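The values are calculated or read from the model by the stated rules, or taken from the named source; none is laboratory data. The structure displayed is predicted, hence computed values, not measured ones. As a convention, Cβ positions derive from the backbone with ideal geometry for all residues, glycine included, and neighbour counts pool all protein chains shown. Accessible surface areas use protein heavy atoms only, side chains included; no ligands, DNA or RNA. Shrake-Rupley method; radii C 1.70, N 1.55, O 1.52, S 1.80 Å.
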Amino acid sequence: MIELGSQGPVIECRSLTKRYGDVVAVDGISFTLERGTVTGFLGPNGAGKTTALRLLLGLAEPTSGGALVFGRRYRELEQPLRRVGAVLESGDYHPSRNGRDHLRVLALAAEIPPARVEEVLELVGLGRAATRRVRTYSLGMRQRLGVAAALLGDPELLILDEPANGLDPAGVRWLRTFLRDLAAAGRTVLVSSHLLAEVAQTVDQVLIIDHGRLLAQGPLNELTNADKTLEDIYLELTGSESR
Amino acid sequence: MIGQVRSELLKQRSTQTAVFLFLAMVGLVALAVAMHVLALSKTRLATNAHQLDVFQIGTRAGMLFAALAGALAITAEIRYGTIRPTFLVQPKRSPVLAAKLTVGALTGFVYGLLAEGLMAAFAAIAFSLRGIPNELTGSDYLRILLGGASAAALWAMLGVGIGALVRNQVATLVGLCAWMFLVESVSEGFVPGAAKLMPGSTGLSLAGNEHNLSIAIAASLLVGYTAAAATAGWVTTLRRDVT
Ligand SMILES: Nc1ncnc2c1ncn2[C@@H]1O[C@H](COP(=O)(O)OP(=O)(O)O)[C@@H](O)[C@H]1O
Ligand SMILES: [Mg+2]
């Protein structure tokens, strides 16, 4: 099967820019992500990570520039859930809907068979909590529900916005293992974080962003060396030592 | 599109919102019957016209709760953020709105039938308790049920449109309630000529509770209001960023 753009980069941002009044949330970001890479999208709170991901996912319109996924605008993808799975930082669920119905609602709209809902519930370890209302879930369970939703279409690209937020150590370990498994399965992953420890061990390249600008990008082993850890570089670039 | 409609139906069934709305509607209709049929003097309930008048409150309740349900279908998604995964599945957005309008019309029709049915039952009981002969004919009841349910179906779509336009849940719900039971009744006192053309009044004419407008004119007006609200909400939804 030949698909449009299937040979090109998985994600391509060109001078991506978003203004909110006087605030330039995303300021001319350009980068491409190749198939099978696991990329950390790093920057302090308010750096513009979430905004950039929203632009990428067609939730917001860029002020200028553009972003392509598999060579197309997200809005133009056929069956986007089968190609891109996203977990947004906001944790989007209706508190009085149960976990299974949350996923079924999405599966119906995406024309994904109900059996897949049960599969992803098991995959993230929510099988036994499936009939509980989401309001009774712990933060870690909610994050996993988000991950389950992203996995529904068995997509080749996963976008995770601050997946480590609020997770306890067991949750962080689960996340790390999960990211490694995705990478081992050859998926492309873009994971944003304002914390380094959770992702540094898992990603093979990073994008560092602050004040909407892309400050550094490249493979981890090229940016870091014996004297300079990722943390050194990050703090140097973002000047956030004193914040 | 079928998948999107089924998804919207499951959204409605998988929270308790519909149950709460239904119970509130039963309460309102019961209260209205108690206030009117039990409190008004017998001479003011003697004729067919008087008795049809009493049904105004049932028709208004059906239209209002249908509109609340329609509005909630979109404002609850915005409030809880489920609009994000909804739009990730269907980034073109238009099919989501089309499905919400379709499901809104269906559930709105049911709200209308239930409101008028409850009204008819409560009123019949109240009439017989007070020994007032029931002057309503079979064709009166048919018009009340079908006209009231059609008006409620249109109001549900109007609610979807207003919800998509206003987006804030509390403002939308309060606005709809205030319009139905405050603005229109106050207008009846001050500008009766304009009041009879208002969306709630046109519904009363459809249900035969009011005889100011012909069915054709009342229906055209209400369809026009609904189309205007739905279009405004649609355009807003396509244009606005989801944050
Ligand atoms: N809807 C919005 N309206 C106005 N400003 C916004 C909006 N969304 C984000 N911003 C601003 O854009 C900047 C980047 O925010 P965000 O993308 O959330 O950063 P991050 O995800 O890296 O923490 C911040 O200054 C934030 O206040
Ligand atoms: Mg963020």
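Could you list all residues from region A:69-100 that are open to solvent by 50 Å² or more (accessible area, probe 1.4 Å), in a helix (DSSP H, G or I) and within 27 Å of B:Arg79 (Cβ to Cβ)? Talk me through it step by step, then tell me what you get.
As a first pass, look at region A:69-100 and keep what is open to solvent by 50 Å² or more (accessible area, probe 1.4 Å): A:72-73, A:76, A:78-79, A:82, A:89-90, A:100.
Add one more test, that the residue is in a helix (DSSP H, G or I), and what stays is A:76, A:82, A:100.
Hit for region A:69-100 is A:Arg100, nothing else.
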Would you check if there is a residue in region A:48-61 being away from every other protein chain (no Cβ under 14 Å), open to solvent by 40 Å² or more (accessible area, probe 1.4 Å), away from ligand 2 (no atom under 16 Å from the Cβ) and within 21 Å of B:Leu88 (Cα to Cα)? no
Subset of region A:17-32 that is within 16 Å of ligand 2 (Cβ to nearest atom) and within 14 Å of chain B (Cβ to nearest Cβ) - its residue that is surrounded by the most Cβ atoms within 10 Å (Cβ to Cβ): A:Val26
Meets criteria (more than 14 Å from chain A (Cβ to nearest Cβ), at negative phi and open to solvent by 10 Å² or more (accessible area, probe 1.4 Å)) for B:Leu72: no
Quick check on region A:146-163: of everything there that is within 10 Å of the chain's Cα centre (by Cα) and within 11 Å of another protein chain (Cβ to nearest Cβ), which residue is nearest to ligand 2 (Cβ to nearest atom)? A:Asp161
Restricting the search to region A:57-79, which residues are farther than 21 Å from B:Ser94 by Cβ and within 13 Å of ligand 1 (Cβ to nearest atom)? A:Thr63
When every residue in region A:101-119 that is within 12 Å of B:Ser7 (Cα to Cα) and part of a loop (DSSP other than H, G, I, E, B) is compared, the one least open to solvent (accessible area, probe 1.4 Å) is A:Ile112
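Applying the selection to region A:176-195, what residues are open to solvent by 30 Å² or more (accessible area, probe 1.4 Å) and either among the β-branched types (Val, Ile, Thr) or touching a residue at least 60 places away in the same chain (Cβ under 8 Å) (or both)?
Here is the first cut: in region A:176-195, the ones open to solvent by 30 Å² or more (accessible area, probe 1.4 Å) are A:176-177, A:180-181, A:183-187, A:194-195.
Once the filter is applied, which keeps residues that are open to solvent by 30 Å² or more (accessible area, probe 1.4 Å) and either among the β-branched types (Val, Ile, Thr) or touching a residue at least 60 places away in the same chain (Cβ under 8 Å) (or both), region A:176-195 yields A:Thr177, A:Ala183, A:Gly186, A:Arg187, A:His194.
Matching residues to (1) at pLDDT 95 or above; (2) facing chain B (nearest Cβ under 7 Å); (3) within 21 Å of the chain's Cα centre (by Cα):
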residue	(1), (2), (3)
A:Glu34	no, no, yes
A:Ala67	yes, no, yes
A:Arg73	yes, no, yes
A:Pro80	yes, yes, yes
A:Arg83	yes, no, yes
A:Gly91	no, no, yes
A:His102	yes, no, yes
A:Gly125	no, no, yes
A:Arg132	yes, no, no
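The rows are residues; the columns are (1) of a type in the set (Val, Ile, Thr); (2) open to solvent by less than 40 Å² (accessible area, probe 1.4 Å).
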position: B:Phe190; (1), (2): no, no
position: B:Leu197; (1), (2): no, no
position: B:Ser201; (1), (2): no, yes
position: B:Ser205; (1), (2): no, yes
position: B:Ala218; (1), (2): no, yes
position: B:Val223; (1), (2): yes, no
position: B:Ala228; (1), (2): no, no
position: B:Thr237; (1), (2): yes, yes
position: B:Arg240; (1), (2): no, no
Which residue out of B:Thr243, B:Thr237, B:Thr231 is within 30 Å of A:Leu53 (Cβ to Cβ) and touching a residue at least 12 places away in the same chain (Cβ under 8 Å)? B:Thr237
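Based on what the data block shows, is A:Leu53 of a type in the set (A, V, I, L, M), within 16 Å of ligand 1 (Cβ to nearest atom) and part of a loop (DSSP other than H, G, I, E, B)? Give the derivation first.
Numbers: of a type in the set (A, V, I, L, M): yes; within 16 Å of ligand 1 (Cβ to nearest atom): yes; part of a loop (DSSP other than H, G, I, E, B): no.
Judged against the criteria, A:Leu53 is not a match.
Could you say which residue among B:Ala61, B:Ala67 is more than 14 Å from chain A (Cβ to nearest Cβ), part of a helix (DSSP H, G or I) and over 21 Å from B:Asn168 (Cα atoms)? Break it down into steps so the answer makes sense when it comes.
Working: B:Ala67 fails: over 21 Å from B:Asn168 (Cα atoms).
Going through B:Ala61, B:Ala67 in turn, just one is more than 14 Å from chain A (Cβ to nearest Cβ), part of a helix (DSSP H, G or I) and over 21 Å from B:Asn168 (Cα atoms): B:Ala61.
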